[in-house]
1. Quick one, could you list the DSSP H helices from chain C stretching 30 Å or more along their long axis (Cα atoms) with average Kyte-Doolittle hydropathy of 0.5 or above?
2. Counting only C-alpha contacts under 8 Å and six or more residues apart, can you give the relative contact order of the range C:481-531 as a whole percent?
3. Which of C:LYS235/C:LYS344; A:LYS95/C:LYS75; C:LYS28/C:LYS75; C:LYS100/C:LYS418 have a Cα-Cα distance over 32 Å?
4. DSSP beta bridges in chain C, what fraction antiparallel, as a percent rounded to 5?
5. Does the range C:78-223 come out rounded, prolate or oblate by the C-alpha gyration tensor, with a ≥ b ≥ c the root eigenvalues, rounded set by a/c under 1.5 and, if not, prolate when a/b is larger than b/c and oblate if not?
6. Report the Rg/Rh value for the range C:94-176, based on alpha-carbon coordinates and the Kirkwood definition of Rh.
7. Rounded to the nearest Å, what's the spacing between the alpha carbon centres of the range C:52-101 and the range C:492-528? Just the number, please.
8. On C-alpha positions alone, give me the angle between the axis of helix A:130-144 and the longest principal axis of chain A, in degrees, nearest 10.
Amino acid sequence: MGRYLLKRFILMFPTLLGVAVVTFVLIRVVPGDVVELRYAGDRGAVAQDIIDAERTKLGLDQPVWKQFARWIGGVVRLDFGESMWTGSPIWQEIKLRFALSFQVAVMATIVAVLLAIPLGVMAALKQDTWVDYVIRVVSIAGLATPSFWLGIIFILMLLVVFRWLPPMVYTPFWVDPWENIKQLIWPALAVGYRYSAVATRMTRSAMLEVLREDYIRTARAKGLLGKVILSRHALKNALLPVVTVIAIEFAFLIGGLVVTEQVFNLNGIGLLFVQAVAHRDYTLIQALVMLVAGCFIVVNFLMDLTYAWIDPRIRYR
Amino acid sequence: MAVARLPVPESAEVRAPRTTRRWVAVTLEFCRTRPLGTIGAAVIVVMLSAALFAPVIAPYDPEAVHFSAMLMGPSPAHWLGTDPFGRDVLSRLIFGSRTALTVGFAASLLGGSIGAVIGVATAYFRGRIDLYAQRVMDIFLSFPLIILALSLVAILGNSIPNLIMAITVPMVPRAALVIRSSALAVREMAFVDAARAAGFGHTRIVLRHMLPNVMAPFLIIVTAFVGQAILLESSLSFLGLGVQEPTPAWGLMLSGAAVEFAETAPWMAIFPGVAISLAVFAFNLFGDSLRDALDPRLRTQ
Amino acid sequence: MHRRSVLIIVAIVIFGLALVGPSAAQDKPRSGGELVFVVPSEPPSYDAHQEETFGLIHPTAPHYSTLLRVDPTDKTGTKPVGDLAESWAISKDGLTYTFKLRQGVKFHDGAEMTSKDVKASYDKILKPPAGVKSLRASAYASVQSVEAPDAHTVQFKLKWPEASFLLNLASPWNWIYRADILAKDPHWYEKNINGTGPFKFVEHVKGSHWVGTKFADYWDKGKPYLDGYRAIFMKSAAAQVAAVRGERAHIQFRSFSPPERDSLVQALGPKITVQESPWDCLNFVSMHHEKKPFDDKRVRRALSLALDRYEGSNALSKITLVKDVAGIVVPGTPYATPPSELEKLAGYGRDINKNRAEAKRLLKEAGVPDGFSFVFKNRGIEHPYAKLGIWLIDQWKQIGLNVRQEVIEASAYHPMLKRGDFDVAMDFQCGFIVEPDLDLPRFVSTSDANYGRHKDTVIDDLFSRQSRAADPEERKKILRQLEKRLLDDEAHVIYTLQWHRIIPHLSKVRGWTITPSHYLNNQLDTVWLAE
């Protein structure tokens, strides 16, 4: 088991390095760079020597491999450098936005779990009845509705019907929990509903499979009450794939809520990424991608760990 | 990675006899046992015909500007109202289905096919090739879908073919993963060894013997991806990074003016939103039922 | 139902416009309160000498003073008044400008402001030290030297007389920094704030907000009226509107779109006041003069003749940020062309059928076949670019041209123009003060921003003559000639419609006047909040 996990752990690094290389090369293929953009304002062109000087200052005149070496050297020491657009340290640009995105992801996951588990279990227990159909339709509808559309309707409803507006500025949870919740609950609900769809389906099918297993039948035969069977036996075993799906969705939520952030006016990681791409802020893009991909890779590793721990057969794969 | 551990489809090697009667029977059986899937299929058929016959069905030219008819509510002349340029919303929706379906089908077929070839090939060769291919897939899987698509659009520019490319790329590793796990089981089957013993080349074995046997997961993946691709296209268009005016596209119809006029002209926001939801909904319903029909054990995904 | 609601809106708008007029001026300013405004963009660095975005001006201008500024009560935004300068004199030959500075002006760190600081700031703008850039050095090419003969006198010596020089010194970008700090570290102001403006810096939380508080030692006693202000960074337009509508923010200083204005007016009624102005921003169409058939002025003229500018103005002003049919000078400002004159230009005539028949004739003459197709490149920005694009393509269709639009992401757009990688493309410019010397240099053949690459010595000559013309009437006449040459005879570029700035704000915001530029009038010293 130790060897398997060690292998898994070590494999994380080439993946991260690959992500770094791909990002580094990709963004340099995009036409236009930060300097040109910044000094190509509405009034027309800036003299070429100013542009050249600025490029030299940012190291953009160096060959790509040299730039990469310098950057990765910093990353190893956890120094992501400075934003090319604002000149401030990357962590300063990211920290508040990451806190926000992370929190929305957590809250949305909670919403998704609260919706998915009861609905999925119910659908499985009442398989192929109208209850099952309704639950399936509702959850697929969640998957089908574009989150930006849902968001627009949410906001409009709050404003027009209830004449109420969520707070405009992000207040960290530890500063003012109530203010914080008031702002983030709406996107969390919209996203949570959407992502509960996958988890509901997972729960349903996992439950169905477990219900067919022998020991449940035995338990039923022994005359145990339905509720006890459910909580003690069925749920526990059905949970593993469900947890996997939820964990992976969670990892994607941190960086993947671009459109939701736009609609709900959240200054999160997703929108920052869009802005960084628009500014060709290479250092910021790189840091963001590493962060988001890093989260995903770590969550995946943790899931592997859990699997290996719960189900020893995995180790021999 | 834990993303997709699919059991092998049992029905994989069963080939349906190619007779018309058999097809009708299968279809009828599908309709009887899977009412939800049938509804999905019906919506898809309606959409396909709308896209196909758009110039005949659509009451107006979707791109012609008529300021005299700007922002009119639903009426007999304009069933779903008009936009600020006096363009008929219904006509734009009908023509927009072309964009959605083109991008949806092209991206999912392309992504599914490339993914299938990679998945089957890595399962067949195993060893080092598999290991390296998996690492490359891991790298692409680590980017959230929208982030990868967004970066690609920035690089390629936003025409429809480029948009299809941008949506295809993130789909490839996802398809490859699913197909690979099915193909691993196919690889163990006797006929593959037989083919090798007979001295057939790798390409031939992969393409002729293994690929046809992962048809079921392939179909499932493709239908599931169509919906996703349509959503992704509309998200990108909504962000202003997808299809561009004056080309009619659903996501584009929802951005900008639809939000600004949401209160005075809600028809501009409601109908394209419904169209997107309905389309994705239909593909998901159909895909779900198809999966259940093709292989009951695949439900776990 | 819809038509009626539009009528109501129009009525309220008119009512609102009336409200900001004389009645607002009669009220006595009240002290206190915090102004909350939303900013659609965030500042890159804090040094205005090297930035070009309103995203810096809006939150940061209240911390600084400039030598001169544009009169905050002047709607045309063309009247220079003293800020740090108390008075000034211009020598007879127009080559020496002498400014007397106010005494007792303090920086936020307590140091006294003297002529040394003004000189150091202008030296940084005119001749930046190595490693520091200035975006505006070229705008002051006429300046020979800046001198500080005594602690409260600054002198500018020019190489040649320049009609627009005084206005150019009222640039909202030329913040006065402290000389000692600049001497120690010329980069200090990129990340720190220390000015003589009405408000002190409190904090900037990245991705969130910016806070300023009243500077007790501000030179203009009794001002500012506000206790402080809070700028909230908000990218989404819908969210900005919602913020004002929910009365969480008082104002946004850039502009809202017409439908956004209407929804605010409808929701808030008399609680909202709308100020509107022609905007010193413009979208014009550039055609590459080295590419066929756009090397032919008949084709360029035809493209301009195809536009029904008056119908476009009427309809598009309900949709997006454009309104007036205008020539090369912003309407309502001193050098603007009167409408009757304007109608004589190609494509500005009232009879659209006649114009289009003429356009078709010109195309035929130039050998351009019916259904000729080309690509129009546009910048990926909603207002007003995208809307104008839809309109232009439809207009060109009316003369038998088949145009496809290629939208390029805002960031990649400028490099594309610079490379000349286009046949026909949307071009743009925004000025900070309406002044031909500042707005028109890009049409000089040698300009870096002459993306259509026309070579026209007549234009070059007319431009330099208008710049040196001492008599305003004379200058007007030369400008008319330049306009006719640029837009009609040669049709080097096609002017679409003048941008239109729309600021709906809570009626309790007083003492702020709209100008044609979103870079102007953001020091907030005159702004106050009514009960």
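A short reminder: the numbers here are calculations on the coordinates, not readings from a lab. Because the structure is a prediction, the values reported are computed rather than measured. Note that each Cβ is placed from the backbone with ideal geometry, even for glycine, and that neighbours are counted across all protein chains shown.
1. Passing helices, by number: none.
2. 27 percent
3. C:LYS235/C:LYS344; A:LYS95/C:LYS75; C:LYS100/C:LYS418
4. 75 percent
5. Verdict is prolate for the range C:78-223.
6. Taking Rg over the Kirkwood Rh, I get 0.96.
7. 17 Å
8. Taking Cα atoms only, the helix is inclined about 0 degrees.
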